[in-house]
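The values are calculated or read from the model by the stated rules, or taken from the named source; none is laboratory data. Computed from a predicted model, the values in this text were never measured in an experiment. Cβ placement follows ideal geometry from the backbone for every residue including glycine, while neighbour counts extend to all protein chains displayed.
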Amino acid sequence: LTLTKTHSSPTTLAVSNKKVFAGNLQNFTNSWKAVTQSPTILSWISGYRIPFCKKPPPSSIKSISNSSVKDIPFLNQAIADLLSMKAIEKCRPCANQFVSPIFLTDKSNGKKRFILNLKNLNKYVIAPHFKMEDYRTVMRLLSRGCFLSSVDLKDAYFSVAIHPNYRRFLRFKFNRQLYQFTCLPFGLSSAPFCFTKLMKPIVTLLREKGILCVNYLDDFLVFGESFYDCLENTKCLVQLLESLGFTVNKEKSCLTPNTAQHFLGFIFDSVGMEIVLPVEKKENIRKLAIRFKNKSSCKIRDLAKFIGILVSACPAVKYGWLYLKSLEREKYLALRRKNMNFDAIMPIPSHLQSDLIWWEEKILNSSNIIIKDNFETELFTDASLTGWGACCGLEKTFGFWGHLERMSHINLLELRAIFYGLKCFANNISNCNILLR
């Protein structure tokens, strides 16, 4: 398996329009052997065995829940689509089968996603903790003026086949018919670990060839010093993915390089060196802030959801974390009072108004600067309950706390030590980065 840059002049990238077939990776075993020698990964390509901590007991359900009745037309279509791509198959009851409920969730494009509710099965599944690349990886790799493209895989989980002996644990019943998944479903707790591990040799190979990219599950962000460099890097990635059995989602990918690119819910701008929220997310946060500002009470669950949205937005909102702490504290105190009942009603204290107004007024114009490791100077500071000290290079300074200062919390004294150190060694420096240690 070879990756070569053609350095040709076309400004567009052709992507095959083939249909996704479940478990397709097992048809490309030889290509995978050229990418990795990992016995674990190669065995997963042939058929993923669910890692159980103990054998699940037989389980079955009679029918879908009443809350899903209104979704029956959508479920009929979803099941037809899954059968068409061979992601599920009809089956007969057997011993030791595990039957789970099903439901639909909304996609960002307005469509529905079919979900097998594996909450009960996951109690018996080993789901290792592992690290994933995220927005922080992008911020570290981004350089001023570089070009970016994004590649999204179509129905990526479905590309991984489930070993035939383990499909009986992924069953559901609909309209008196029993079905089982033949491929990796959404909702299996070990699936993210499996898929991330599958992607690792792909990213490693690309980086060995000098192609810089960031991967998060089925999403890739590709870097290039110039438009054509990024285009060639993207072409190499797409060719590699297709040679391994994946299908690129043309609708969700942005294959034309640009200096600003959507990725993981953010917009990364290499010209302004900023990370920004998409407009629709900003508007949604503003509407929610106004709604909570005008309420006197709410369900704890509703506030928790709002806080979750703000937490996910904070990397692209300068000072956002500061205006989140009071909301977090009120949620925590309310849960303590209500015995951890998220559906209980809590008052919205008046002192939260200023934070909610801040989000309302600042969110539409918010962004955050991507700071690179270029520091004008390096400053070391420390503090104790009796005094403080700072040094910059070979220069040193120190002082002792007054009687009132000694009564302050050590965290405040540490901050004062930093402040005094900056006043001493950086009083004539501006518009630059200083590394504090």
Item to check | Tally of residues being farther than 23 Å from residue 312 by Cβ and part of a strand (DSSP E or B) across the stretch 226-278 | outcome: 5
Next on the checklist: If I ask for residues that are surrounded by fewer than 22 Cβ atoms within 10 Å (Cβ to Cβ), in contact with a strand residue (DSSP E or B) (Cβ under 8 Å, 6 or more places away or on another chain) and of a type in the set (Ser, Thr, Tyr), which ones from the stretch 229-270 would you list?
Outcome noted: 247, 253, 256, 259, 270
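In the stretch 23-53, how many residues are in a helix (DSSP H, G or I) and in contact with a Leu (Cβ under 8 Å, 6 or more places away or on another chain)? Reasoning before the result, please.
Pass one, the stretch 23-53, residues in a helix (DSSP H, G or I): 24-35, 39-46.
Right, trim to in contact with a Leu (Cβ under 8 Å, 6 or more places away or on another chain) and you get 25, 28-29, 31-35, 41, 44-45.
Count: 11.
Quick check, is residue 174 free of Cβ contacts under 8 Å to residues at least 60 places away in the same chain and among the aromatic types (Phe, Trp, Tyr)?
Numbers: free of Cβ contacts under 8 Å to residues at least 60 places away in the same chain: no; among the aromatic types (Phe, Trp, Tyr): yes.
So residue 174 does not fit the description; no.
Keeping to the stretch 205-247, report how many residues are among the basic types (Lys, Arg) and free of Cβ contacts under 8 Å to residues at least 12 places away in the same chain.
Quick first cut of the stretch 205-247, residues among the basic types (Lys, Arg) only: 207, 209, 235.
Add one more test, that the residue is free of Cβ contacts under 8 Å to residues at least 12 places away in the same chain, and what stays is 207.
Matching residues across the stretch 205-247 total 1.
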Checklist entry - In the stretch 287-305, is there at least one residue being touching a residue at least 40 places away in the same chain (Cβ under 8 Å), more than 22 Å from residue 140 (Cα to Cα), crowded, with 19+ Cβ neighbours inside 10 Å and within 22 Å of the chain's Cα centre (by Cα)? => result yes
Checklist entry - Do we find a residue being at pLDDT 90 or above, outside the structural domain of residue 413 (by TED's automatic domain parsing), aromatic (Phe, Trp, Tyr) and touching a helix residue (DSSP H, G or I) at 6+ places or on another chain (Cβ under 8 Å) anywhere in the stretch 359-366? => result yes
Item to check | Count - residues of the stretch 116-136 that are under 20 Å from the mean Cα position of the chain (by Cα) and surrounded by fewer than 17 Cβ atoms within 10 Å (Cβ to Cβ) | outcome: 8
